[in-house]
Amino acid sequence: MSERVFMKGCEAIAEAAVRAGCRFFAGYPITPQNEIPEYFARRMPEVNGTFVQGESEVASVNMLYGAASTGIRAMSSSSSCGISLYSEGVSYMASARIPAVYVNVQRGGPGIGAIQPAQQDYFQATKASGNGGFKMLVLAPSTVQECVDMVYEAFDLAARDENPVLVLTDGVMGTMMEPVVLPPMKSDEEIAELRKKFEHRAIIGHKRGENAFCRPGSVGTGQEAVNIEAAKLYSTWDKDVEVEEFMTEDAEIILAAYGISARISRVVVKKLREEGIKAGMIRPIKVSPFPYDTFANLDFNQVKGILNVEMSIPSQMRWDIDYAVQGRTQVNDCLRSGGQLLTNDQVYDAARKLIKEVL
(Lines give C-alpha, C1' and ligand atoms only; values in the text may rest on other atoms or scores of the structure.)
Protein backbone atom coordinates (compact mmCIF):
# COMPACT_ATOMS: atom_id res chain seq x y z
CA MET A 1 0.00 0.00 0.00
CA SER A 2 1.31 3.47 -0.92
CA GLU A 3 2.48 5.73 1.88
CA ARG A 4 0.36 8.71 2.87
CA VAL A 5 2.12 12.08 2.88
CA PHE A 6 1.00 15.46 4.18
CA MET A 7 0.96 18.02 1.37
CA LYS A 8 -0.38 21.46 0.50
CA GLY A 9 -2.90 21.42 -2.33
CA CYS A 10 -0.82 23.39 -4.84
CA GLU A 11 2.26 21.28 -4.21
CA ALA A 12 0.25 18.07 -4.43
CA ILE A 13 -1.13 19.23 -7.80
CA ALA A 14 2.39 19.78 -9.12
CA GLU A 15 3.72 16.46 -7.81
CA ALA A 16 0.77 14.59 -9.31
CA ALA A 17 1.53 16.18 -12.68
CA VAL A 18 5.18 15.14 -12.48
CA ARG A 19 4.15 11.58 -11.64
CA ALA A 20 1.72 11.58 -14.59
CA GLY A 21 4.65 12.25 -16.90
CA CYS A 22 4.47 16.05 -17.17
CA ARG A 23 7.91 17.25 -18.27
CA PHE A 24 7.18 20.86 -19.21
CA PHE A 25 5.61 23.61 -17.15
CA ALA A 26 5.27 27.29 -17.97
CA GLY A 27 3.55 29.75 -15.66
CA TYR A 28 3.51 33.19 -14.14
CA PRO A 29 3.20 34.07 -10.43
CA ILE A 30 -0.25 34.97 -9.11
CA THR A 31 -1.82 34.34 -5.71
CA PRO A 32 -3.13 31.84 -4.60
CA GLN A 33 -1.46 29.38 -7.01
CA ASN A 34 2.15 30.51 -6.58
CA GLU A 35 3.21 27.27 -4.90
CA ILE A 36 2.52 25.35 -8.12
CA PRO A 37 5.23 27.05 -10.25
CA GLU A 38 7.48 27.30 -7.21
CA TYR A 39 7.26 23.51 -6.74
CA PHE A 40 7.84 22.85 -10.43
CA ALA A 41 10.90 25.11 -10.41
CA ARG A 42 12.47 22.79 -7.82
CA ARG A 43 11.09 19.50 -9.10
CA MET A 44 11.51 19.64 -12.88
CA PRO A 45 15.33 19.54 -12.88
CA GLU A 46 15.14 16.34 -10.81
CA VAL A 47 13.24 14.53 -13.59
CA ASN A 48 15.02 16.11 -16.59
CA GLY A 49 11.99 18.28 -17.22
CA THR A 50 11.70 21.94 -18.14
CA PHE A 51 10.35 24.78 -16.03
CA VAL A 52 9.85 28.23 -17.54
CA GLN A 53 8.57 31.30 -15.73
CA GLY A 54 6.93 33.19 -18.56
CA GLU A 55 7.04 36.96 -18.69
CA SER A 56 3.23 36.98 -18.58
CA GLU A 57 0.20 34.71 -18.59
CA VAL A 58 -0.14 35.23 -22.35
CA ALA A 59 3.42 34.07 -22.89
CA SER A 60 2.98 31.12 -20.55
CA VAL A 61 -0.12 29.69 -22.23
CA ASN A 62 1.50 29.97 -25.64
CA MET A 63 4.59 28.19 -24.32
CA LEU A 64 2.19 25.47 -23.19
CA TYR A 65 0.74 25.36 -26.72
CA GLY A 66 4.21 25.05 -28.25
CA ALA A 67 5.48 22.40 -25.84
CA ALA A 68 2.33 20.26 -26.02
CA SER A 69 2.50 20.43 -29.83
CA THR A 70 5.67 18.34 -29.68
CA GLY A 71 3.85 15.53 -27.90
CA ILE A 72 5.40 16.11 -24.49
CA ARG A 73 3.06 16.10 -21.49
CA ALA A 74 2.82 19.78 -20.59
CA MET A 75 0.91 21.89 -18.07
CA SER A 76 0.33 25.43 -16.86
CA SER A 77 -1.59 27.03 -14.00
CA SER A 78 -2.89 30.41 -12.91
CA SER A 79 -5.69 32.04 -10.91
CA SER A 80 -8.89 33.65 -12.24
CA CYS A 81 -7.84 36.98 -13.77
CA GLY A 82 -4.67 35.25 -14.97
CA ILE A 83 -6.76 32.48 -16.52
CA SER A 84 -8.70 35.14 -18.43
CA LEU A 85 -5.46 35.95 -20.22
CA TYR A 86 -5.17 32.28 -21.19
CA SER A 87 -8.38 32.41 -23.23
CA GLU A 88 -6.84 33.02 -26.65
CA GLY A 89 -4.14 30.39 -26.20
CA VAL A 90 -6.59 27.79 -24.92
CA SER A 91 -8.89 28.52 -27.86
CA TYR A 92 -5.98 27.97 -30.25
CA MET A 93 -5.17 24.66 -28.55
CA ALA A 94 -8.80 23.56 -28.80
CA SER A 95 -8.82 24.43 -32.49
CA ALA A 96 -5.54 22.59 -33.09
CA ARG A 97 -6.68 19.68 -30.87
CA ILE A 98 -3.70 19.85 -28.54
CA PRO A 99 -3.62 17.57 -25.45
CA ALA A 100 -2.70 20.04 -22.72
CA VAL A 101 -3.63 20.41 -19.05
CA TYR A 102 -4.08 23.62 -17.07
CA VAL A 103 -5.25 24.43 -13.56
CA ASN A 104 -7.28 27.36 -12.26
CA VAL A 105 -6.87 28.01 -8.52
CA GLN A 106 -9.80 30.43 -8.29
CA ARG A 107 -9.73 33.76 -6.45
CA GLY A 108 -12.27 36.55 -6.03
CA GLY A 109 -13.36 38.80 -8.89
CA PRO A 110 -14.36 40.32 -11.25
CA GLY A 111 -11.16 42.05 -12.37
CA ILE A 112 -8.19 41.81 -10.03
CA GLY A 113 -10.72 41.26 -7.24
CA ALA A 114 -9.36 39.60 -4.12
CA ILE A 115 -6.58 37.10 -3.55
CA GLN A 116 -8.81 35.00 -1.29
CA PRO A 117 -10.68 31.90 -2.57
CA ALA A 118 -13.85 32.03 -4.67
CA GLN A 119 -15.81 30.01 -7.21
CA GLN A 120 -16.60 32.84 -9.59
CA ASP A 121 -15.09 31.30 -12.76
CA TYR A 122 -17.68 28.56 -13.27
CA PHE A 123 -19.21 30.13 -16.38
CA GLN A 124 -15.79 30.83 -17.82
CA ALA A 125 -14.66 27.26 -17.17
CA THR A 126 -17.75 25.45 -18.42
CA LYS A 127 -19.25 27.77 -21.02
CA ALA A 128 -16.68 30.24 -22.41
CA SER A 129 -13.03 29.36 -21.81
CA GLY A 130 -12.24 31.15 -25.06
CA ASN A 131 -13.79 32.24 -28.33
CA GLY A 132 -15.41 29.90 -30.80
CA GLY A 133 -17.70 27.77 -28.64
CA PHE A 134 -15.29 24.89 -28.06
CA LYS A 135 -15.74 22.61 -25.05
CA MET A 136 -13.44 20.96 -22.55
CA LEU A 137 -13.64 18.41 -19.79
CA VAL A 138 -13.53 20.32 -16.50
CA LEU A 139 -12.68 18.46 -13.29
CA ALA A 140 -13.59 19.98 -9.91
CA PRO A 141 -11.85 18.45 -6.85
CA SER A 142 -13.15 18.88 -3.31
CA THR A 143 -10.18 17.39 -1.42
CA VAL A 144 -6.42 17.52 -1.83
CA GLN A 145 -6.54 13.81 -2.65
CA GLU A 146 -8.96 14.56 -5.47
CA CYS A 147 -6.62 17.33 -6.67
CA VAL A 148 -3.94 14.66 -6.98
CA ASP A 149 -6.17 12.07 -8.62
CA MET A 150 -7.79 14.48 -11.06
CA VAL A 151 -4.56 16.10 -12.23
CA TYR A 152 -3.09 12.64 -12.79
CA GLU A 153 -6.18 11.60 -14.77
CA ALA A 154 -6.37 14.89 -16.70
CA PHE A 155 -3.27 14.06 -18.72
CA ASP A 156 -4.78 10.76 -19.86
CA LEU A 157 -8.07 12.45 -20.76
CA ALA A 158 -6.26 15.17 -22.71
CA ALA A 159 -4.27 12.56 -24.62
CA ARG A 160 -7.37 10.44 -25.28
CA ASP A 161 -9.34 13.32 -26.79
CA GLU A 162 -6.43 15.42 -28.10
CA ASN A 163 -8.08 18.36 -26.40
CA PRO A 164 -7.25 20.73 -23.52
CA VAL A 165 -8.46 19.71 -20.05
CA LEU A 166 -9.05 22.08 -17.13
CA VAL A 167 -8.81 21.28 -13.43
CA LEU A 168 -10.98 23.87 -11.64
CA THR A 169 -10.11 24.32 -7.98
CA ASP A 170 -9.90 27.30 -5.61
CA GLY A 171 -7.68 29.06 -3.11
CA VAL A 172 -8.91 26.96 -0.18
CA MET A 173 -7.94 23.71 -1.90
CA GLY A 174 -4.68 25.19 -3.11
CA THR A 175 -3.45 26.37 0.28
CA MET A 176 -4.85 23.78 2.70
CA MET A 177 -2.86 20.71 3.73
CA GLU A 178 -4.20 17.15 3.90
CA PRO A 179 -2.77 13.64 3.83
CA VAL A 180 -2.67 12.16 0.33
CA VAL A 181 -1.62 8.95 -1.35
CA LEU A 182 0.45 9.84 -4.39
CA PRO A 183 0.06 7.87 -7.64
CA PRO A 184 2.94 5.89 -9.15
CA MET A 185 5.67 7.71 -11.04
CA LYS A 186 5.57 6.96 -14.75
CA SER A 187 8.89 5.61 -15.97
CA ASP A 188 10.99 7.23 -18.69
CA GLU A 189 9.99 4.35 -20.96
CA GLU A 190 6.28 4.92 -20.30
CA ILE A 191 6.66 8.65 -20.93
CA ALA A 192 8.48 8.00 -24.21
CA GLU A 193 5.73 5.61 -25.32
CA LEU A 194 3.02 8.16 -24.47
CA ARG A 195 4.83 10.79 -26.50
CA LYS A 196 5.22 8.42 -29.44
CA LYS A 197 1.42 8.00 -29.67
CA PHE A 198 1.15 11.67 -30.68
CA GLU A 199 4.11 11.49 -33.07
CA HIS A 200 1.97 11.25 -36.21
CA ARG A 201 0.96 14.91 -35.90
CA ALA A 202 3.46 16.43 -33.48
CA ILE A 203 5.93 19.18 -34.30
CA ILE A 204 9.05 17.01 -34.19
CA GLY A 205 10.74 17.57 -37.55
CA HIS A 206 8.76 15.46 -39.99
CA LYS A 207 10.30 14.47 -43.28
CA ARG A 208 9.88 16.81 -46.21
CA GLY A 209 6.41 16.42 -47.69
CA GLU A 210 4.87 15.22 -44.44
CA ASN A 211 2.64 17.52 -42.43
CA ALA A 212 2.40 18.21 -38.73
CA PHE A 213 -1.14 19.16 -37.77
CA CYS A 214 -0.71 21.24 -34.64
CA ARG A 215 -1.99 24.40 -36.26
CA PRO A 216 -5.39 26.00 -35.75
CA GLY A 217 -7.78 23.58 -37.35
CA SER A 218 -9.23 25.66 -40.19
CA VAL A 219 -5.93 25.61 -42.13
CA GLY A 220 -6.65 23.76 -45.36
CA THR A 221 -9.99 22.29 -44.27
CA GLY A 222 -12.42 25.10 -43.51
CA GLN A 223 -13.51 26.08 -40.03
CA GLU A 224 -16.95 24.49 -40.15
CA ALA A 225 -15.48 21.06 -40.91
CA VAL A 226 -13.24 21.41 -37.87
CA ASN A 227 -16.20 22.41 -35.70
CA ILE A 228 -18.22 19.42 -36.90
CA GLU A 229 -15.41 17.04 -35.94
CA ALA A 230 -15.07 18.68 -32.54
CA ALA A 231 -18.83 18.40 -31.95
CA LYS A 232 -18.59 14.66 -32.62
CA LEU A 233 -16.05 14.43 -29.80
CA TYR A 234 -18.20 16.43 -27.39
CA SER A 235 -21.20 14.20 -28.14
CA THR A 236 -19.30 11.23 -26.69
CA TRP A 237 -18.82 12.83 -23.28
CA ASP A 238 -21.97 11.41 -21.70
CA LYS A 239 -19.70 8.56 -20.62
CA ASP A 240 -17.52 11.06 -18.75
CA VAL A 241 -20.24 12.51 -16.52
CA GLU A 242 -19.10 12.08 -12.93
CA VAL A 243 -21.24 12.98 -9.94
CA GLU A 244 -21.55 12.13 -6.25
CA GLU A 245 -25.00 11.57 -4.75
CA PHE A 246 -24.77 11.75 -0.97
CA MET A 247 -27.77 10.52 1.04
CA THR A 248 -30.18 11.37 -1.78
CA GLU A 249 -32.25 8.16 -1.82
CA ASP A 250 -35.00 9.48 0.48
CA ALA A 251 -34.01 13.16 0.47
CA GLU A 252 -36.69 15.84 0.49
CA ILE A 253 -34.12 18.63 0.41
CA ILE A 254 -31.08 18.53 -1.88
CA LEU A 255 -27.97 20.68 -1.44
CA ALA A 256 -26.13 21.14 -4.75
CA ALA A 257 -22.47 22.14 -4.59
CA TYR A 258 -19.04 21.43 -6.04
CA GLY A 259 -15.48 21.82 -4.81
CA ILE A 260 -14.94 23.36 -1.39
CA SER A 261 -18.64 24.31 -1.10
CA ALA A 262 -19.51 20.62 -1.27
CA ARG A 263 -17.32 19.88 1.76
CA ILE A 264 -19.28 22.43 3.76
CA SER A 265 -22.59 21.13 2.40
CA ARG A 266 -21.75 17.58 3.41
CA VAL A 267 -21.34 18.68 7.04
CA VAL A 268 -24.69 20.48 6.92
CA VAL A 269 -26.46 17.45 5.41
CA LYS A 270 -25.19 15.30 8.28
CA LYS A 271 -26.36 17.87 10.84
CA LEU A 272 -29.83 18.07 9.26
CA ARG A 273 -30.07 14.28 9.25
CA GLU A 274 -29.28 14.25 12.98
CA GLU A 275 -32.29 16.54 13.41
CA GLY A 276 -34.53 14.14 11.49
CA ILE A 277 -34.60 16.17 8.26
CA LYS A 278 -34.20 14.15 5.07
CA ALA A 279 -31.42 16.10 3.39
CA GLY A 280 -28.97 14.99 0.72
CA MET A 281 -26.33 16.43 -1.59
CA ILE A 282 -25.54 16.26 -5.30
CA ARG A 283 -21.92 17.12 -6.12
CA PRO A 284 -20.76 17.40 -9.73
CA ILE A 285 -17.26 15.92 -9.74
CA LYS A 286 -16.84 17.01 -13.33
CA VAL A 287 -18.65 20.30 -13.92
CA SER A 288 -18.26 19.76 -17.68
CA PRO A 289 -20.00 17.66 -18.80
CA PHE A 290 -22.58 18.63 -16.20
CA PRO A 291 -24.73 15.85 -14.64
CA TYR A 292 -28.02 17.20 -15.99
CA ASP A 293 -29.72 13.80 -15.84
CA THR A 294 -28.95 13.41 -12.13
CA PHE A 295 -31.03 16.52 -11.40
CA ALA A 296 -33.64 15.94 -14.13
CA ASN A 297 -34.38 12.40 -12.92
CA LEU A 298 -35.03 13.31 -9.29
CA ASP A 299 -38.44 12.28 -7.95
CA PHE A 300 -40.05 15.70 -7.64
CA ASN A 301 -42.94 14.27 -5.69
CA GLN A 302 -40.33 13.59 -3.03
CA VAL A 303 -37.78 16.38 -3.54
CA LYS A 304 -39.40 19.61 -2.37
CA GLY A 305 -36.48 21.96 -2.81
CA ILE A 306 -32.85 22.37 -3.92
CA LEU A 307 -30.31 24.68 -2.29
CA ASN A 308 -27.55 25.80 -4.66
CA VAL A 309 -24.41 26.44 -2.60
CA GLU A 310 -21.47 28.24 -4.22
CA MET A 311 -18.96 30.98 -3.56
CA SER A 312 -20.19 33.21 -6.36
CA ILE A 313 -22.44 36.27 -6.52
CA PRO A 314 -24.37 36.20 -8.77
CA SER A 315 -24.84 32.44 -8.80
CA GLN A 316 -23.44 30.53 -11.77
CA MET A 317 -23.97 26.77 -11.32
CA ARG A 318 -27.60 27.67 -10.59
CA TRP A 319 -28.08 28.14 -14.36
CA ASP A 320 -27.28 24.47 -15.01
CA ILE A 321 -29.47 23.33 -12.12
CA ASP A 322 -32.43 25.38 -13.38
CA TYR A 323 -31.91 24.02 -16.89
CA ALA A 324 -32.09 20.45 -15.58
CA VAL A 325 -34.94 20.95 -13.11
CA GLN A 326 -37.20 22.94 -15.46
CA GLY A 327 -39.15 24.54 -12.63
CA ARG A 328 -40.32 21.24 -11.11
CA THR A 329 -39.11 22.17 -7.63
CA GLN A 330 -38.09 25.31 -5.78
CA VAL A 331 -34.41 26.29 -6.08
CA ASN A 332 -32.80 28.71 -3.59
CA ASP A 333 -29.25 30.05 -3.38
CA CYS A 334 -26.69 30.24 -0.60
CA LEU A 335 -23.85 32.43 -1.84
CA ARG A 336 -20.68 34.30 -0.91
CA SER A 337 -18.17 35.91 -3.27
CA GLY A 338 -15.10 38.07 -3.63
CA GLY A 339 -12.99 35.93 -1.33
CA GLN A 340 -15.59 35.67 1.46
CA LEU A 341 -15.84 32.05 2.58
CA LEU A 342 -19.03 30.16 3.22
CA THR A 343 -19.51 28.88 6.76
CA ASN A 344 -21.33 25.83 8.05
CA ASP A 345 -23.76 28.10 9.90
CA GLN A 346 -24.59 30.13 6.81
CA VAL A 347 -25.35 27.04 4.72
CA TYR A 348 -27.30 25.50 7.61
CA ASP A 349 -29.42 28.66 8.04
CA ALA A 350 -30.12 28.80 4.28
CA ALA A 351 -31.13 25.14 4.30
CA ARG A 352 -33.46 25.70 7.28
CA LYS A 353 -35.02 28.66 5.47
CA LEU A 354 -35.69 26.52 2.39
CA ILE A 355 -37.13 23.76 4.57
CA LYS A 356 -39.50 26.23 6.20
CA GLU A 357 -40.65 27.46 2.79
CA VAL A 358 -41.32 24.08 1.15
CA LEU A 359 -42.05 21.52 3.89
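The values are calculated or read from the model by the stated rules, or taken from the named source; none is laboratory data. The model shown is predicted, which means the values in this text are computed figures rather than measured ones. Virtual Cβ from ideal backbone geometry, glycine too; neighbours counted across all protein chains shown. Heavy atoms of the whole protein, side chains included, go into the accessibility calculation; ligands, DNA and RNA do not. Shrake-Rupley method; radii C 1.70, N 1.55, O 1.52, S 1.80 Å.
In table form, for the structure just shown:
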read-out: Loop trypsin sites (Lys or Arg not before Pro), segment 144-209, which have at most 13 other Cβ atoms in a 10 Å radius of their Cβ (DSSP); value: LYS197, LYS207, ARG208
read-out: Alpha carbon convex hull of segment 90-134, projected area averaged over orientations, nm²; value: 3.5 nm²
read-out: Radius of gyration, Dmax [the chain; alpha carbons; angstrom]; value: 20.8, 73
read-out: Förster-model FRET efficiency, 30 Å R0, ARG352 and ASP299, C-beta, rounded to 0.05; value: 0.85
read-out: Value in Å of the Kirkwood radius, where segment 144-184 supplies the Cα pairs that are averaged; value: 11.3 Å
read-out: Label-zone membership for segment 49-81, site GLU88, 7 angstrom Cα→C-beta point, backbone N under 11 Å; value: 58-59, 62
read-out: Extended-chain gain in nm, criterion 0.36 nm per residue less alpha-carbon gap, ILE112 and LYS232; value: 39.5 nm
read-out: Computed [θ] at 222 nm, deg cm²/dmol, the chain (DSSP H ≥ 4; -39,500 (n - 2.57); rounded to nearest 500); value: -11500 deg cm²/dmol
read-out: Protein accessible area in the chain, 1.4 Å probe - carbon and sulfur %; value: 51 percent
read-out: Per-residue HN-Hα couplings for segment 59-67 [Karplus 6.51, -1.76, 1.60; θ = phi - 60°; Hz; x = Gly/Pro]; value: 5, 5, 5, 6, 5, 4, 4, x, 5
read-out: Point-to-point label distance, VAL181-ASP240, nm (Cα→Cβ direction, 7 Å offset); value: 2.6 nm
read-out: Label-to-label distance, nm, for residues given as VAL58 and LYS207 (7 Å Cα→Cβ offset); value: 4.1 nm
read-out: In Hz, Karplus ³J(HN,Hα) per residue of segment 143-148 (6.51, -1.76, 1.60; θ = phi - 60°; x = Gly, Pro); value: 9, 5, 4, 5, 4, 4
read-out: Under 5 Å, built H, 5+ apart or other chain: amide partners of ALA256; value: ILE282, LEU307, ASN308, VAL309
read-out: Length-normalised contact order of the chain in % [C-alpha pairs under 8 Å, at least 6 apart]; value: 18 percent
read-out: Backbone HN-Hα couplings from phi across segment 322-335 [Karplus 6.51/-1.76/1.60, Hz, Gly and Pro as x]; value: 4, 4, 6, 7, 6, x, 7, 8, 6, 10, 10, 10, 10, 10
read-out: Heavy-atom SASA rank of ASP349, ASP156, ASP320 (probe 1.4 Å, accessible area, largest first); value: ASP349, ASP156, ASP320
read-out: Per residue, the convex hull volume that the Cα atoms of segment 76-196 enclose (Å³); value: 99 Å³
read-out: Net charge of Cβ neighbours under 12 Å - reference GLU178; Lys, Arg +1; Asp, Glu -1; value: +1
read-out: Amide H contacts under 5 Å for ASP170, placed H, 5+ residues apart; value: GLN106
read-out: Given LYS8/LYS278; LYS135/LYS353; LYS270/LYS353; LYS127/LYS239, the pairs whose alpha carbons are separated by over 26 Å; value: LYS8/LYS278; LYS135/LYS353
read-out: Positive-pole candidate from SER80, TYR65, PRO29, dipole of segment 1-124, charges at beta carbon; value: TYR65
